[in-house]
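Some notes on the structure that comes next.
The values are calculated or read from the model by the stated rules, or taken from the named source; none is laboratory data. Keep in mind that what you see is a predicted model, and the values were worked out from it rather than measured. In this analysis, Cβ positions are derived from the backbone assuming ideal geometry, glycine residues included, and neighbour counts consider all displayed protein chains.
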Amino acid sequence: MGSGTIAMKVKFWGVRGSIPSPGPHTVKYGGNTLCLEVRLEDQKRRIIIDAGSGIRELGANPGTAGHFSTEIFLTHTHLDHILGLPFFAPIHHPDTRLKIYGPVTCEEDPLEDVIGGQLSYRYFPVRQHELGAKIEYIDLKAGTYELGQGVTLVTKYLNHPLLALGYRIEYGGKIICTAYDTEPFYNVFCSDPADPSYDAFLAAEGDRAARYENCRMEAFFKDADLLIHDGQYTQAEYDNGKRGWGHSPIEYVIAAAGRANVKRLALCHHDPQRTDTQLDELTQIFGNAKAAKGQITFFAREGQEVVV
């Protein structure tokens with residue numbers, strides 16, 4: 001691409017985790033759950049990542065009217081990442097064409113049935129077969145995919161209670177990565193020699209496996225121009241009963257992004273109880289000048305746009 005050409009533009013339509021959290025204390029950063037829009041400006045192409053409640057506002061945008069075609073990539077199928085899909089206006093229009101990608105899980109149900117499960121009368125008045133849009137469901141595994149017109153997608157399994165994927169989009173010499181919902185890999189075996197269940201071999205293997213997977217994660221988002229990463233907890237919160245919940249401590253993420261030479265780090269999947277005031281306070285502690293050398297760190301806000 002030529003000098004000064006915009007490769008990609010990211011807009012955050014939802015940055016909250018776990019459950020929508022509207023109200024007077026979440027106005028600045030937003031209460032909608034995860035939804036990102038990546039626009040390839042020269043192709044007039046739109047890629048959507050996750051269909052949390054934020055996708056409803058995206059679907060009300062004038063740019064989605066008429067003959068609308070797009071790709072939606074789901075990181076996983078927990079409710080906060082798919083609950084907005086029935087309210088995404090384009091799926092009710094016959095001129096809409098959607099490709100919905102998502103991770104292959106160990107469940108017997110295909111992606112279409114998992115997503116369509118919420119489109120039944122017991123949950124929603126419109127059933128999946130009644131939707132106007134033409135929808136194609138595509139299963140993804142960890143690997144590399146060519147999406148056409150010079151766009152490469154790399155996927156990686158994350159550390160979450162349900163199988164989840166991180167996405168690395170490469171286009172025009174630029175890189176955007178997502179890594180949420182995830183937490184650092186850790187030794188799942190007992191590491192206390194005084195514990196009767198301690199096994200020295202298993203403890204050593206557990207440490208080795210955790211280090212290996214964390215290095216692979218940093219390699220996945222290495223040199224990213226923009227990394228959008230889970231930052232639901234502080235380290236103190238994480239250590240106080242949140243380990244194993246599938247979400248990351250902010251301090252760890254900033255350090256990992258620094259080691260991986262990430263240029264800009266957007267922390268997202270904000271805890272549903274985290275207020276605007278608290279996020280402002282965290283920004284003062286961890287944002288910009290406080291971040292790793294040469295790295296810009298910020299807490300993502302609903303409606304925010306970032307040019308890459």
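Would you please name the residue that is farthest from Arg46 (Cα to Cα), looking only at residues in the stretch 176-203 that are of a type in the set (Phe, Trp, Tyr) and either touching a residue at least 40 places away in the same chain (Cβ under 8 Å) or surrounded by 16 or more Cβ atoms within 10 Å (Cβ to Cβ) (or both)? Can you show your working first?
The initial filter retains those residues of the stretch 176-203 that are of a type in the set (Phe, Trp, Tyr), namely 180, 185-186, 189, 198, 201.
If we keep only those that are either touching a residue at least 40 places away in the same chain (Cβ under 8 Å) or surrounded by 16 or more Cβ atoms within 10 Å (Cβ to Cβ) (or both) too, we end up with 180, 185-186, 189.
Details: Tyr180: 20, Phe185: 32, Tyr186: 36, Phe189: 43 Å.
Among those residues, the one meeting the criterion is Phe189.
Screening Gly206, Gly231 for residues that are buried (at least 18 other Cβ atoms within 10 Å of the Cβ) and touching a Phe, Trp or Tyr at 6+ places or on another chain (Cβ under 6 Å) leaves exactly one candidate, Gly206.
Go through the stretch 19-66 and give me each residue that's modelled with pLDDT under 95 and of a type in the set (Ser, Thr, Tyr). If the condition is that a residue be modelled with pLDDT under 95 and of a type in the set (Ser, Thr, Tyr), then Thr64 is the only one that fits.
Of all the residues in the stretch 213-235, those that are touching a residue at least 12 places away in the same chain (Cβ under 8 Å) and either within 25 Å of Cys190 (Cβ to Cβ) or assigned to a strand (DSSP E or B) (or both) number 11. Could you list, in sequence order, all residues of the stretch 139-158 that are surrounded by fewer than 15 Cβ atoms within 10 Å (Cβ to Cβ) and either in contact with an Asp or Glu (Cβ under 6 Å, 6 or more places away or on another chain) or touching a residue at least 24 places away in the same chain (Cβ under 8 Å) (or both)? Passing the criteria: Asp139, Lys141, Gln149, Thr152.
Of everything in the stretch 250-274 that is in contact with a Gly (Cβ under 8 Å, 6 or more places away or on another chain) and closer than 24 Å to Lys28 by Cβ, the residue that is surrounded by the most Cβ atoms within 10 Å (Cβ to Cβ) is His270.
Can you name every residue in the stretch 215-235 that is of a type in the set (D, E, K, R) and in contact with a helix residue (DSSP H, G or I) (Cβ under 6 Å, 6 or more places away or on another chain)?
Filtering the stretch 215-235 down to residues of a type in the set (D, E, K, R) leaves 216, 218, 222-223, 225, 230.
Of everything in the stretch 215-235, just one residue is of a type in the set (D, E, K, R) and in contact with a helix residue (DSSP H, G or I) (Cβ under 6 Å, 6 or more places away or on another chain), namely Glu218.
Answer yes or no: is there a residue in the stretch 258-267 that is on the phi > 0 side of the Ramachandran plot, more than 18 Å from the chain's Cα centre (by Cα) and not aromatic (Phe, Trp, Tyr). Taking every residue of the stretch 258-267 in turn, at least one turns out to be on the phi > 0 side of the Ramachandran plot, more than 18 Å from the chain's Cα centre (by Cα) and not aromatic (Phe, Trp, Tyr).
The set of residues in the stretch 236-291 being in a strand (DSSP E or B) and either within 20 Å of His160 (Cβ to Cβ) or among the hydrophobic types (A, V, I, L, M, F, W, C) (or both) consists of Pro249, Leu265, Ala266, Leu267, Cys268, His270. If I filter the stretch 238-273 down to residues being in contact (Cβ under 8 Å) with a residue 24 or more places away in the chain and charged (D, E, K, R), which single residue comes out as farthest from Ser21 (Cα to Cα)? By that ranking, first place goes to Arg259. Collect the residues in the stretch 4-46 that are among the hydroxyl-bearing types (Ser, Thr, Tyr) and either surrounded by fewer than 21 Cβ atoms within 10 Å (Cβ to Cβ) or in a loop (DSSP other than H, G, I, E, B) (or both), keeping them in residue-number order. Across the stretch 4-46, the qualifying residues are Thr5, Ser18, Ser21, Thr26, Tyr29. Among the residues making up the stretch 95-138, those that are more than 26 Å from Leu165 (Cα to Cα) and touching a residue at least 40 places away in the same chain (Cβ under 8 Å) are Val126, Leu131, Gly132. Taking the criterion of being in contact with a Gly (Cβ under 9 Å, 6 or more places away or on another chain) and modelled with pLDDT under 95, would at least one residue in the stretch 147-158 satisfy it? Yes; the residues of the stretch 147-158 include at least one that is in contact with a Gly (Cβ under 9 Å, 6 or more places away or on another chain) and modelled with pLDDT under 95. Per the conditions (1) within 18 Å of Leu36 (Cβ to Cβ); (2) modelled with pLDDT of 95 or more, the sole criterion not satisfied by Leu140 is (2).
Against the definition (farther than 19 Å from Thr70 by Cα, surrounded by 13 or more Cβ atoms within 10 Å (Cβ to Cβ) and among the charged types (D, E, K, R)), how does Glu170 come out, yes or no?
Here the answer is no, as Glu170 does not meet what is asked.
When Pro193, Pro184, Pro161 are screened for being modelled with pLDDT of 95 or more and in a loop (DSSP other than H, G, I, E, B), only Pro184 passes.
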